[in-house]
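Reviewing the structure listed below.
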Amino acid sequence: MAQQKDRQQQRRRGGPSAGPIRKKNCWFCRNKIAEVDWKDANQLRRYVSEKGKIRSRRITGACRRHQRQVAVAVKRAREMALLPYVAEGREERPDGRRDRGDRGDRDRER
């Protein structure tokens with residue numbers, strides 16, 4: 001039973017040969033930037049996914065303080081129309097189904 005838990009934990013962590021985990025450094029701390037500027041849309045695009053979601057600290061490598069400032073700055077930039085709320089819509093979804101906007105023959109009169 002204990003061996004099974006050890007194996008599961010090793011799989012989650014990547015096993016004994018995964019190597020040391022490299023901590024990501026905060027870009028703002030490295031460049032000694034105290035406040036994140038909401039007007040710098042190009043900088044904020046790094047912290048937003050293709051779908052328009054704000055990326056997490058685990059992915060961006062930002063420290064807690066700057067990640068919070070990034071979230072507020074992205075929300076302000078969206079409000080001021082510097083960043084989109086969502087990404088451009090696609091006609092076809094990845095699973096092959098159509099977009100919900102296409103109702104087919106349901107919109108026609110019966």
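The values are calculated or read from the model by the stated rules, or taken from the named source; none is laboratory data. Here the structure is a predicted model, which means the values were calculated and not measured. With ideal geometry, Cβ positions are generated from the backbone for all residues, glycine too; neighbour counts draw on all protein chains shown.
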Does the stretch 54-98 hold any residues that are among the small types (Gly, Ala, Ser) and either at pLDDT 90 or above or under 12 Å from the mean Cα position of the chain (by Cα) (or both), and which are they?
Ser56, Gly61, Ala62, Ala71, Ala73, Ala77, Ala81
Filter result (buried (at least 17 other Cβ atoms within 10 Å of the Cβ) and assigned to a loop (DSSP other than H, G, I, E, B)) within the stretch 62-71
Ala62
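Can you find a residue that is β-branched (Val, Ile, Thr), out of contact with any strand residue (DSSP E or B) (no Cβ under 8 Å at 6 or more places or on another chain) and part of a loop (DSSP other than H, G, I, E, B) anywhere in the stretch 31-46?
Taking the stretch 31-46 as the starting set, the residues that turn out to be β-branched (Val, Ile, Thr) are 33, 36.
Next, only the ones that are out of contact with any strand residue (DSSP E or B) (no Cβ under 8 Å at 6 or more places or on another chain) stay: 33, 36.
Going one step further and asking which of them are part of a loop (DSSP other than H, G, I, E, B), we end up with 33, 36.
There is at least one residue in the stretch 31-46 that is β-branched (Val, Ile, Thr), out of contact with any strand residue (DSSP E or B) (no Cβ under 8 Å at 6 or more places or on another chain) and part of a loop (DSSP other than H, G, I, E, B).
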How many residues are without any contact (Cβ under 8 Å) to a residue 12 or more places away in the chain and surrounded by fewer than 10 Cβ atoms within 10 Å (Cβ to Cβ) when one looks only at the stretch 24-54?
5
